[in-house]
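S.K.: The structure follows.
The values are calculated or read from the model by the stated rules, or taken from the named source; none is laboratory data. Because the structure is predicted, anything quoted here is derived from the model rather than measured. Positions of Cβ are backbone-derived with ideal geometry, glycine not excepted, and every protein chain shown enters the neighbour counts. Quick note on the areas: whole protein, heavy atoms, side chains included, nothing else; ligands and nucleic acids left out. Shrake-Rupley method; radii C 1.70, N 1.55, O 1.52, S 1.80 Å.
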Amino acid sequence: MTAARPGGTRPPGLRLIRTNAELLVTPLIVVAGVVLLRANYNSADRSFADERALAWERNLRPQLEQHISLTLWSTILTVAIAVPLGILLTRASYRRLAGPVLAVATSGQAIPAFGLLVLAFAWLGSGPWTAIWALTFFTVLPVLRNTMVGLDQVSQPIIEAGRGMGLTRTQVLRQIELPLAVPIILAGVRTALVINVGMAALAYLIGGGGLGATISAGIQLSRDLVVITGAVMTALVALSIDWIAALIEKALRPRGL
Amino acid sequence: MSVLPAVPAPKIRLEGVGKIYPGSDTPAVEALDLDVPEGEILVLVGPSGCGKSTTLRLVNRMIEPTSGRILFDGEDVTSVNPDALRRRMGYVIQQIGLFPHQTIAQNVATVPRLLGWDKKRITERVDHLLDLTGLDPSIYRDRYPKELSGGQAQRVGVARALGADPEVLLMDEPFGAIDPITRDRLQNEFLRLQGEIEKTIVFVTHDIDEAIKMGDRIAILGERSVIRQFDTPERILAYPVDDFVSDFIGSGSTLKGLNFERVRDIEWNNDFPLAEVGSDPAEARRRLEASPETWLLVLDAEQRPLRWVNDRHLATAGVDLATAGPEVIAKVLPNATLHDCLEELLLSNAGQAVVVDERGRYQGIIDVDRLADVLKRMRSEAKKHYDALAEDPEAAS
Ligand SMILES: Nc1ncnc2c1ncn2[C@@H]1O[C@H](COP(=O)(O)OP(=O)(O)O)[C@@H](O)[C@H]1O
Ligand SMILES: [Mg+2]
C-alpha cells in the first residue's frame with residue numbers, strides 16, 4: 001500500500017526491532033546472572049554446610065518452584081478478586097461503594113508485610129496457602145485500583161456510542177471497556193507480580209517455603225556464598241517473571257491504541 | 001413553490017414526553033409533542049442547554065422519560081427492550097466515539113454483528129457503506145480510528161450508524177467539532193447520501209445555518225425543549241412566529257430564504273432590450289429608448305451575453321457594440337439559487353443578473369426588484385398559512 005498513513009505511525013518493521021531490543025535485555029541479564037552464579041559457586045571455597053544448603057535437588061529446586069508457585073497463585077487470586085471487584089465498583093449502581101472499599105484496601109496495604117504474615121499465621125496457621133493469602137491481600141489494592149482507573153478512563157462518548165447502537169451493558173463491558181482497560185489492568189498485575197516475588201522471600205517465616213529459606217540459612221550460618229546465591233536467585237526469578245509479564249502485556253495490548 | 005409538500009406520516013411520535021433528571025426540580029424536557037415525518041430530516045435546533053440532546057436521547061431511550069410515551073411506526077415503544085429498539089435506530093454523536101481498538105471495518109460492522117449476520121454479508125455491507133460515505137474500502141477497511149482525520153472519522157461514524165440499514169438515524173451535532181470547510185463538504189455529501197437512502201432522520205444542532213441547510217423541517221426549541229416553531233426552513237425564515245424565533249434565526253434570515261428558490265422557479269424579464277454584435281447601433285439605441293430599462297444587453301452571434309451598454313455608449317459616434325460598455329460578469333444558470341443570483345447581481349455593473357443556459361446562451365434577466373417580489377411573496381404566503389392555522393388548526397398541513 002502506497003497511500004500515506006495519517007497520524008505519523010512508524011513503519012512496523014522498525015517498531016518490531018525496537019520493542020524486541022527492549023525485551024532482549026532481560027533474558028541476557030538472567031542468562032549472565034545464572035552463568036556468574038555457577039562460576040561463583042564452582043570457584044568458591046565451599047564448606048560441607050554450603051554444599052548442603054545449596055544442594056540443587058534437595059533445596060534450591062524445590063524452593064525455586066515454591067517461590068514461583070507462591071507468586072503465581074497469589075497473583076491469580078489477586079486478579080480473580082480485584083478485577084471483578086473493580087468492574088463492580090465502576091458500575092453506576094455500585095459506584096458509591098468505591099470510596100469506602102478503596103479506603104479499606106489502602107489502609108490494609110499500610111500494614112507492614114511482616115506483620116501481615118504474622119497475622120495470617122495467627123489466623124490460618126502455617127503452610128504455603130497462608131502465605132499465598134497474605135500475598136494476595138497485599139496486592140489486591142494495586143490491581144483493584146488499576147482496574148478501576150482503566151475502566152474509568154474509557155471515554156464516555158465511546159461507551160455512549162456503543163450503548164446508542166444497541167450493545168447491552170454487558171456487551172459494552174466485554175467488547176469495549178475491558179479491552180480498552182487491558183493495558184492499565186495488566187500494568188497493575190505486573191506490579192502485583194513484582195511485589196509478590198519479593199514478598200514470597202518472606203514466606204519461609206510461616207512455613208511457606210521459597211528462596212527465603214536459603215537466604216535465611218545463609219545468614220544463620222554466616223555463609224556469604226549461600227546468602228548471595230539465595231538473594232541473586234530471588235532477583236533472577238523476579239526479573240524473569242517481570243519479563244514474562246511484559247511479554248504478555250505486549251501480546252494482549254489491543255492494536256489501534 | 002406556492003404549495004409546500006404535505007407533512008408525511010410520522011415515523012416517530014412523542015406524546016407528552018417529559019424528562020426530569022434526578023436531583024433537578026425543573027424538567028429538562030417538558031410535555032413534548034413531536035412528530036418525526038418519515039423519510040425526512042427533522043432538525044431540532046435551539047440554544048445550548050435547551051434540551052436538544054435530552055430530547056434525542058429520549059427517542060432511542062438512552063434516557064427514560066419520566067412522563068409521556070413514544071410511538072415508533074405507531075407502536076408504543078416506551079416499554080420494549082431498549083437495546084433491541086436502538087438496533088433499529090442509527091446513532092451519531094459529535095464526539096463520534098469510534099472504538100479505538102477495532103478497525104474501521106469492525107467499527108462499521110458493530111450492529112450487523114450484533115444482529116448475527118454472516119461474515120460474507122457483513123464484509124459486503126461494510127465495503128458498501130464505506131463507499132457510500134466516500135471512503136475507499138481498500139484503503140480504510142483495516143485502519144484504526146487513530147489513523148483518521150476528524151472528517152474521515154465522522155464519515156466512519158455515519159457509516160457505522162447505517163450499519164444494519166436502520167429505519168431511523170439520530171444525529172447529535174454530528175458535524176459540530178469539524179472545521180468549517182470539511183463540515184460544509186460533509187453536510188453536502190450527507191444531503192446527497194440522504195437523497196439515496198431517504199432515512200427518517202432527527203438531526204440536532206445549535207447552529208441555525210446548519211439547521212436551515214440540513215432540515216426538511218425544523219423544530220426551533222426554547223427552554224425545556226418547548227417547541228417555539230415547527231415548520232419548513234423556508235417558512236420559518238419567511239415568517240418567524242415570535243421574537244424568540246426571529247432573534248434566534250438572526251438578522252439576514254429573510255435573505256437566507258432566497259436559498260430555497262431557484263432561478264428557474266421564478267419569472268424572468270424576457271423583454272429586456274437586446275442587440276446582436278455587428279448589428280446597427282442606431283437600431284439598438286431606438287430599442288433602448290423604447291424600453292423602460294437603462295441598459296441594453298449585447299449578445300454575440302451564438303446568443304451569449306457579451307456587454308452592457310447604456311445610451312451614453314450608444315450616443316458615441318462610431319460605437320462598436322463588440323467593445324463598448326462593461327463586460328457581462330453576472331451570469332446565472334437556471335438551477336442556481338436565488339441567493340447565488342443575488343450575490344451575482346450585486347456584483348454586476350448593471351445591477352442585473354443574466355440567466356444563461358448550459359451553453360451560455362441568453363435566457364432572461366433578473367433584477368433586484370424581482371428578488372424583492374419573491375421575498376414579499378414568500379412572506380405573505382407564510383403569513384397566510386399561519387393565519388389559516390390560527391383559524392382552523394386541524395386543516396393545516
Ligand atoms: N445526565 C444529566 N443529569 C442531569 N442534568 C442533565 C443531564 N444531562 C443534561 N442535563 C441538563 O438538562 C438540560 C438540557 O441539557 P441537554 O439536553 O444536554 O441540552 P442541549 O443538548 O440542548 O445543549 C441542561 O440544563 C443540562 O444541564
Ligand atoms: Mg447537546
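S.K.: Shielding by partners for A:165-178, please: the mean number of other protein chain Cβ atoms within 10 Å of each residue's Cβ.
M.R.: 5
S.K.: With point charges of +1 on the Cβ of Lys and Arg and -1 on the Cβ of Asp and Glu, referenced to the Cα centre of the stretch B:101-196, which listed residue (B:Leu129, B:His101, B:Leu191) lies farthest in the positive direction of the dipole?
M.R.: Highest projection toward the positive end goes to B:His101.
S.K.: On the full set of protein chains, 1.4 Å probe, figure out the accessible area of B:Ser53 and give it in Å² to the nearest 10.
M.R.: 50 Å²
S.K.: May I ask for the distance between the Cα centers of the stretch A:41-63 and the stretch B:41-70, given as a whole number of Å?
M.R.: 76 Å
S.K.: Give the average, rounded to an integer, of partner chain Cβ atoms located within 10 angstrom of each Cβ in B:98-111.
M.R.: Partner Cβ neighbours, averaged per residue: 4.
S.K.: For the stretch A:110-151, what % of the accessible area comes from carbon and sulfur atoms, probe 1.4 Å?
M.R.: Of the solvent-accessible surface of the stretch A:110-151, carbon and sulfur hold 78 percent.
S.K.: Under a straight-distance cross-link criterion of Cα-Cα below 20 Å, which lysines are reachable from A:Lys250, leaving out those fewer than 8 residues away in the same chain?
M.R.: Here the lysines satisfying the reach criterion relative to A:Lys250 are B:Lys146.
S.K.: Could you give the dipole magnitude of the stretch B:284-389 about its Cα centre, charging the beta-carbon of Lys and Arg +1 and that of Asp and Glu -1, in debye to the nearest 20?
M.R.: Value, rounded to 20: 260 debye.
S.K.: Can you give the charge dipole size of the stretch A:121-257 about its Cα centre, rounded to the nearest 20 debye, using +1 on the beta carbon of Lys and Arg and -1 on the beta carbon of Asp and Glu?
M.R.: The calculated dipole for the stretch A:121-257 is roughly 280 debye.
S.K.: Let me ask something else about it. Enter the mean number of other protein chain beta carbons within 10 Å of the beta carbon of each residue in A:151-161, as an integer.
M.R.: 4
S.K.: Separate question: Quick one: 3J(HN,Hα) in Hz for the stretch B:87-94, Karplus 6.51/-1.76/1.60 with θ = phi - 60°, rounded, Gly and Pro as x.
M.R.: Karplus-based 3J(HN,Hα) across the stretch B:87-94 equals 5, 8, 10, x, 9, 10, 10, 4 Hz.
S.K.: Give the lysines whose C-alpha is closer than 20 Å to that of B:Lys383, dropping any in the same chain fewer than 8 places away, or say none.
M.R.: Once the sequence-local lysines are set aside, what remains near B:Lys383 is B:Lys256.
S.K.: For every helix of n ≥ 4 consecutive DSSP H residues, a contribution of -39,500 (n - 2.57) applies; sum these over chain A, divide by its total residues, and give [θ] at 222 nm rounded to the nearest 500 deg cm²/dmol.
M.R.: -25000 deg cm²/dmol
S.K.: Another one. Tally Lys/Arg at +1 and Asp/Glu at -1 over every other residue whose Cβ is under 14 Å from the Cβ of B:Ser291; what's the total?
M.R.: Local charge sum for B:Ser291: -3.
S.K.: Would you kindly derive the ³J(HN,Hα) couplings of the stretch B:295-312 from the backbone phi angles with the Karplus curve 6.51 cos²θ - 1.76 cosθ + 1.60 (θ = phi - 60°), listing them in order in whole Hz, with x for Gly and Pro?
M.R.: Values per residue, Gly and Pro as x: 10, 10, 9, 9, 10, 8, 4, 8, 6, 8, x, 10, 9, 9, 10, 10, 5, 5 Hz.
S.K.: Residues of the stretch A:53-71 with backbone nitrogen within less than 19 Å of a virtual label 7 Å along the Cα-to-Cβ line of A:Val232, please, listed as ranges.
M.R.: Inside the label zone: A:53-57, A:59-65.
S.K.: Moving on to the next point. What residues qualify as long-range amide H neighbours of B:Thr66, i.e. H under 5 Å apart, gap of 5 or more or another chain, H built at 1.01 Å from N?
M.R.: Under 5 Å from the amide H of B:Thr66: B:Gly18, B:Lys19, B:Ile20.
S.K.: Another question about this same structure. Which residues, if any, in the stretch B:68-95 lose at least 10 square angstrom of accessible heavy-atom surface (probe 1.4 Å) when the other protein chains sit next to their chain rather than the chain being alone?
M.R.: Listed by number, the residues meeting the 10 Å² cut-off are B:Asp83, B:Arg86, B:Arg87, B:Tyr91, B:Ile93, B:Gln95.
S.K.: Let me ask something additional. Give me the net charge for the shell around B:Glu30: Cβ to Cβ below 9 angstrom, other residues only, Lys and Arg +1, Asp and Glu -1.
M.R.: +1
S.K.: Further, regarding this structure: Which of A:Met199, A:Leu221, A:Leu77 sits farthest toward the positive end of the charge dipole of chain A, with +1 on the Cβ of Lys and Arg and -1 on the Cβ of Asp and Glu?
M.R.: Farthest along the dipole direction, towards plus: A:Leu77.
S.K.: OK, next. When you have a sec, figure out the Kirkwood radius of chain B from all distinct Cα pair distances and drop it here in Å to one decimal?
M.R.: It is 24.2 Å.
S.K.: To continue, here is another question. Can you list residues whose amide H is under 5 Å from B:Thr200's amide H, if they're 5+ apart or on another chain and H is modeled 1.01 Å from N?
M.R.: Amide H to amide H, under 5 Å and 5 or more residues apart or across chains, B:Thr200 pairs with B:Gly39, B:Leu169.
S.K.: Over chain B, give the accessible area per residue in Å² for a 1.4 Å probe, as an integer.
M.R.: Per-residue accessible area for chain B comes out at 45 Å².
S.K.: By the gyration tensor of its Cα atoms, with a ≥ b ≥ c the square roots of the eigenvalues, what is the shape of chain A: rounded for a/c under 1.5, prolate for a/b over b/c, or oblate?
M.R.: Cα axes put chain A in the oblate bin.
S.K.: What are the ³J(HN,Hα) couplings of the stretch A:88-103, residue after residue, when phi is run through the Karplus curve with 6.51, -1.76, 1.60 and θ = phi - 60°? Round to Hz, x for glycine and proline.
M.R.: Residue by residue, the stretch A:88-103 yields 4, 6, 9, 7, 3, 6, 10, 4, 5, 7, 4, x, x, 5, 4, 4 Hz.
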